[in-house]
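These notes concern the structure reproduced below.
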């Protein structure tokens, strides 16, 4: 926990002000603040935004630091999953090293809060989890990392996985993960019963990958809703991707969205240009907590991305056809404060009492900062300077 | 027309080679080329790609050089069109200055061939056309600019516009433009008859903006097909956007796509993440000429974009869910050689006899060059070095 005085910045592109952080929290925002014995950073009139929040990524998958991976993978989801397990073995991929590389690159881009899924499967067991937990420990002062124990290769179709997930939760994973109960495991009842039972056993939440589209995805969501009601898990179950909410049948999707609001089911999107996705404006209007994420990048799944949540705010804006400056502020909120709220962090904002996570960005306005996503001048986590000029101060392995 | 020897490059990411340009054309590609009295550039092992080709942009619209435009425009197409005319008047926007700024920024990113639409309307008459024609003249050695006379504010709904378009063609515009014959002009027959008659009168081609979706867009395309057949204008009529080709009805869209192939109607996309769009793989498989463009950027329509066609190749890849390296090469082709072919340029390629337009890019592979789109090291137009390190050598006004 640190003290810091950031002089001469424009919070969210507004009027010039200073930001005083004490004990890791924002103590004051206003003109000409003075504080004795507090380190000072001069933002030179640049914009301040809250720490960026990546609510959906995969710290254990990136091939950062390796030569370019020439991708020849097949078109199906299972092609990518099987290919990834093989490549991991061929490379002898070290999840700790890779997650350090990924997380510190994200820190350079101003991300101070991450929810990561970590692969748990019967090939590699809990090694990836151990590696990412070690990264979380080492970077605790730099970036907050929340871990989802994620059965990427299936749960019911690969016996032994449920037991590994149980061990993962006992070791300290924060949430139970899941994946396409119909499409992947071909047994939605067993899949969902297993992960809800684990969540209940450990008193933890759930974050489930749902790529299933249209009516199939709607069916899986309904099965989740039934279990949330039965176990009183309102507010504890998030759905990642949720492509089915982008389906063109308004009545079908509105019923799902209304239930997400009623049962407080946060939706986490990566806003892929290639897919129909939940609409930012529509979900926020319905009162659904809504966050955004990078997803994996530079891995065996595909070549795109770099860890930059400000670029993701741009893609989120482009995907949702946001053109007005006030709409782009909404996209930034999803990638900062709104995403943190979707992760149950209420105090992640540029307000007095808020966490002292501040990013100084280039741009005349917030919209320009998003569109150009130039290197971040300064990144501050809980009052502690963690990156300058786009590069984290902690060296990458 | 210039001579140039580019040493030590990797054409399209392949084996190391030199590229010799003589009289503006590629004379040889191979190892250890020698040429007396020819200037030499050392690419230091970096990748060479053909000059980037922007087949759809608006050089006269950008607000580059002005303070950030805070956008509060309404949601409809007509809101944006009316707002733009007003802002142009309020700013006293000079189309020559703006098109110089836009075109030279694009040159810095490696674009050597541009098709631009230029607004013709009863408010500003032919001023924008004159401004962009002057830019075309001044930059003739740096970037090839093809001009479409574009009735952005409508043709039939604004009497006098057809006469202005006629004058624009007489002044030297290269193609007749059009815009949503149903949605914009509410009179598709009159709109299409007018622009086809102008094209016939001047012996020029057509490039029509078609935002109309689904069945409405299909209807407008059918009306175009009828006129192409009747006037034997096969290969002379391109359609920009053509969102209707992304409609989910396979039979309907396949009939349209097959007719585009039969009548040789090139399709030019900007791959917007927010819209359904024509599929890259599907159109190429059907033998339809296919190009990509930036569209306007940093204008009253929206904040996104910067003129970088390598970033557009990334967006095209993301939009089309291209993940394999060979698929990304296809996206690059659309943004270079394929786009040039859609503009009737057959020799825009890294082959002997091809135009001496070469861009040196950073990246281990073409896929990495697209994904990271780092500043271009060197841009060469017809053997003439026109940009270095992302900046055009000709200063921007």
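Here are the numbers:
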| quantity | calculated |
| --- | --- |
| Residue in region A:345-355 that is within 14 Å of chain B (Cβ to nearest Cβ), in contact (Cβ under 8 Å) with a residue 12 or more places away in the chain and in contact with a helix residue (DSSP H, G or I) (Cβ under 8 Å, 6 or more places away or on another chain) present | no |
| Members of region A:368-390 found to be touching a residue at least 60 places away in the same chain (Cβ under 8 Å), surrounded by 23 or more Cβ atoms within 10 Å (Cβ to Cβ) and within 14 Å of another protein chain (Cβ to nearest Cβ), listed by number | A:369, A:370 |
| Residue in region A:224-232 that is within 14 Å of chain B (Cβ to nearest Cβ) and surrounded by 23 or more Cβ atoms within 10 Å (Cβ to Cβ) present | no |
| Test: residue A:138 is under 25 Å from residue A:86 (Cα atoms) and at pLDDT 95 or above | no |
| Condition met for residue A:365 (touching a strand residue (DSSP E or B) at 6+ places or on another chain (Cβ under 9 Å), surrounded by fewer than 24 Cβ atoms within 10 Å (Cβ to Cβ), touching a residue at least 12 places away in the same chain (Cβ under 8 Å) and more than 21 Å from residue A:114 (Cα to Cα)) | yes |
| Index of the failed condition, residue B:110 passing every other in (1) free of Cβ contacts under 8 Å to residues at least 24 places away in the same chain; (2) at positive phi | (1) |
| Residues within region B:43-86 that are modelled with pLDDT of 95 or more, more than 24 Å from the chain's Cα centre (by Cα) and more than 13 Å from every other protein chain (Cβ to nearest Cβ), tallied | 4 |
| Some residue of region A:360-367 being modelled with pLDDT of 95 or more, within 14 Å of chain B (Cβ to nearest Cβ), farther than 29 Å from residue A:63 by Cβ and part of a helix (DSSP H, G or I) | yes |
| Members of region B:275-331 that are within 11 Å of another protein chain (Cβ to nearest Cβ), closer than 18 Å to residue B:107 by Cβ and surrounded by 24 or more Cβ atoms within 10 Å (Cβ to Cβ) | B:298 |
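Per-residue answers, yes or no, for (1) in the same structural domain as residue A:326 (by TED's automatic domain parsing); (2) more than 17 Å from residue A:216 (Cβ to Cβ); (3) touching a strand residue (DSSP E or B) at 6+ places or on another chain (Cβ under 6 Å):
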| residue | (1), (2), (3) |
| --- | --- |
| A:231 | yes, yes, no |
| A:235 | yes, yes, no |
| A:238 | yes, yes, yes |
| A:243 | yes, no, no |
| A:247 | yes, no, no |
| A:274 | yes, yes, no |
| A:279 | yes, yes, no |
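The values are calculated or read from the model by the stated rules, or taken from the named source; none is laboratory data. Just so you know, these numbers come straight off a predicted model, no measurement behind them. As a convention, Cβ positions derive from the backbone with ideal geometry for all residues, glycine included, and neighbour counts pool all protein chains shown.
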